[in-house]
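Undergrad: The structure that follows is given in the form of structure tokens.
The values are calculated or read from the model by the stated rules, or taken from the named source; none is laboratory data. Computed from a predicted structure; not experimentally measured. Positions of Cβ are generated from backbone atoms using ideal geometry, with glycine treated the same way; all protein chains shown enter the neighbour counts. Keep in mind that these areas ignore ligands, DNA and RNA; they rest on the heavy atoms of the full protein, side chains included. Shrake-Rupley method; radii C 1.70, N 1.55, O 1.52, S 1.80 Å.
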Amino acid sequence: MASVYLPNVGMGISEATIVKWLKAVGDSVEAGEAVAEIETAKSTVEVEAPVSGTISAIHFAEDTEVEVGTEIATIDG
């Protein structure tokens with residue numbers, strides 16, 4: 001099992017909004033594949049899967065503001 005965390009995308013950025021999930025629970029992902037799009041005050045960034053496996057949980061809905069470093073999804077390998 002591996003966690004997908006909201007990445008630190010820039011100096012002074014402490015939170016971001018999950019704009020869109022590109023994968024759903026039960027979907028297979030490869031390491032490095034984009035699983036979500038997040039938006040900060042400065043940019044929109046894709047969050048990549050850290051490992052290959054299956055999305056087993058999504059912890060936040062779209063349009064939710066989340067702090068950097070927070071687990072946003074879980075992947076079972």
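Undergrad: Could you state the accessible area per residue of the range 7-47 in Å², with a 1.4 Å probe and every protein chain left in place?
TA: Details: 2370 Å² over 41 residues.
Per-residue value: 58 Å².
Undergrad: Counting only the backbone N, which residues of the range 56-70 are under 14 Å from the spot 7 Å out from the Cα of Leu22 toward its beta-carbon?
TA: Under 14 Å, as judged by backbone N against the label point of Leu22, lies no residue of the range 56-70.
Undergrad: In percent, what relative contact order does the chain have, based on Cα pairs under 8 Å that are 6 or more apart in sequence?
TA: After rounding, I find 43 percent.
Undergrad: For the peptides 26-32, 3-9, 16-22, what is the packing order when you average, over each peptide's residues, the other Cβ atoms within 10 Å and list the highest mean first?
TA: Numbers: 26-32: 12.4, 3-9: 16.7, 16-22: 18.3.
Per-residue Cβ counts within 10 Å, averaged per peptide and sorted highest first, yield 16-22, 3-9, 26-32.
Undergrad: OK, next. Please list, in order, the residues from the range 8-47 whose amide nitrogen is less than 15 Å from a point placed 7 Å along the Cα→Cβ vector of Glu67.
TA: The answer is 8, 13-17.
Undergrad: Another question, then. I'd like the carbon and sulfur percentage of the solvent accessible area for the chain, probe radius 1.4 Å, heavy atoms only, ligands and nucleic acids excluded.
TA: Details: 2000 of 4300 Å².
Within the chain, the accessible surface is 46 percent carbon and sulfur.
Undergrad: Please compute, over every Cα-Cα pair in the chain, the percentage with a separation greater than 14 angstrom.
TA: Working: 1566 of 2926 pairs.
For the chain, the share of Cα pairs beyond 14 Å comes to 54 percent.
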